[in-house]
Amino acid sequence: MRVSEASAPGKVILFGEHAVVYGQPAIAAPVTQVRAWARVRDGDQAGVYISAPDLEEEYWLHESQEDDALAAAARLVQQAAGLAMLPPLHIRVQSDIPIASGLGSGAATAAALIRALAQHLGRPDLARDERVADLTYEVEKIHHGTPSGIDNTVVALEQPVYFVRREPQNLIEPFSVVRPLTLLVADTGVRSSTRDVVGDVRRRRQEAPSHFERLFAACGRIARDAHRALQAGEVADVGRLMNENQALLQAMTVSSPALERLVNAAVAAGALGAKLSGAGRGGNMIALVDGSCETAVRRALEQAGATRVLVTTLGLRS
Ligand code: MEV
């Protein structure tokens, strides 16, 4: 029996969340310690069966809801492959990326499914990073409304990326981090819907356009400076810019008491910088550490209520 498998990592936004939706640059990086996997095998009866035990979902594709993300991913590959019907298949998706926590679980699950299915259908062209990113973007739109495109890009490319949303084509610059950086990724344990938070920022921006434009522009400047600092190995500057970005995210109202507790605890314990990551109002925060403070910062995050702390290193291929 033929089996095709693919996976995609989680992600963090290092700089520029929210502002990126409005055309400012942002930087994201993969978190390879957590992943989504998809396994596609030939089915033994007509139809496509999808199972996602982590989401407690099992169904036939033809019986699925229009807005089901995994079903949409399968249909998009079918369309892109120009097939009137998919052959009998069994698709299984698994993930250890916590959902609704800013780590890109939806994008990673869709990307893994799209790549595995494209391979299984004998369409390596559709399994290329750029095509996977584009098809994943279409899935993201279903649940998210107006995604910037950064999440699907970073999980498909699996590299740090400098990203600007723009027409007719986004600017996507994968780049190398000169000096490896260690990040602690700490979960508040509070689930948060990206769609709701992005929608709320949109409403607030409509009420106070010039205030939000100033905040977004300042985030853009920080992302540009951070891009340079990351490529020059200026670790202290990266940390300082993270703190500045956090202050702007607070002003946008997307931080929260639980996020503030973790950010303050990390900085007090010696982190070089700390900020929320992703949509905010819950989910994860990131703290930049070095060998001298990593243990103290981890302990401080746990004492401040983090439900899980991951360590990830940027700049080293894992
Ligand atoms: C979510 O990971 C990042 C946001 O900027 C939304 C987006 O870019 O689509 C909040």
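Starting from segment 227-247, take each residue that is over 17 Å from residue 290 (Cα atoms) and list its partners that are of a type in the set (D, E, K, R), counting only C-beta distances under 6 angstrom and pairs at least six apart or across chains. Final answer for the pair search is 245/275; 246/275.
Determine whether segment 66-79 contains at least one residue that is within 15 Å of the chain's Cα centre (by Cα), of a type outside the set (Phe, Trp, Tyr) and within 16 Å of the ligand (Cβ to nearest atom). No, segment 66-79 contains no residue that is within 15 Å of the chain's Cα centre (by Cα), of a type outside the set (Phe, Trp, Tyr) and within 16 Å of the ligand (Cβ to nearest atom).
Within segment 132-161, the residues that satisfy the criterion of being modelled with pLDDT of 95 or more, farther than 17 Å from residue 103 by Cα and not hydrophobic (A, V, I, L, M, F, W, C) are 134, 138. Among the residues of segment 280-301, those identified as in contact (Cβ under 8 Å) with a residue 12 or more places away in the chain and part of a helix (DSSP H, G or I) are 294, 296, 297, 298, 299, 300, 301. Checking each residue in segment 162-186 for being closer than 20 Å to residue 313 by Cα, aliphatic (A, V, I, L, M) and surrounded by fewer than 23 Cβ atoms within 10 Å (Cβ to Cβ) picks out 177, 178.
Taking the condition at pLDDT 95 or above, away from the ligand (no atom under 16 Å from the Cβ), in a strand (DSSP E or B) and among the hydrophobic types (A, V, I, L, M, F, W, C), does residue 241 pass? The answer is no for residue 241. Scanning segment 135-170 for residues that are within 16 Å of residue 17 (Cα to Cα) and away from the ligand (no atom under 14 Å from the Cβ) returns a single hit, 160.
Residues that are at pLDDT below 95 and over 17 Å from residue 117 (Cα atoms): does segment 12-32 have at least one?
Yes.
Out of 84, 74, 80, 108, one residue alone is at pLDDT 95 or above and within 30 Å of residue 189 (Cα to Cα). It is 108. With respect to the conditions (1) surrounded by fewer than 23 Cβ atoms within 10 Å (Cβ to Cβ); (2) more than 16 Å from the ligand (Cβ to nearest atom); (3) not in a strand (DSSP E or B), residue 203 lacks only one, and its number is (2). Here residue 157 passes the criteria (1) surrounded by 23 or more Cβ atoms within 10 Å (Cβ to Cβ); (2) outside the structural domain of residue 294 (by TED's automatic domain parsing) except the one numbered (1). Exactly one residue out of 220, 283 is surrounded by 24 or more Cβ atoms within 10 Å (Cβ to Cβ) and either assigned by TED's automatic domain parsing to the domain that holds residue 15 or within 15 Å of the ligand (Cβ to nearest atom) (or both): that is 283.
Quick one: how many residues across segment 8-44 are in a loop (DSSP other than H, G, I, E, B), on the phi < 0 side of the Ramachandran plot and near the ligand (Cβ under 9 Å from one of its atoms)? Going through segment 8-44 one residue at a time, the tally reaches 1.
The values are calculated or read from the model by the stated rules, or taken from the named source; none is laboratory data. In this text the structure is predicted, and so the values were computed from the model without any measurement. When we count neighbours, we look across all protein chains shown, and the Cβ atoms used for this are built from the backbone with ideal geometry, even at glycine.
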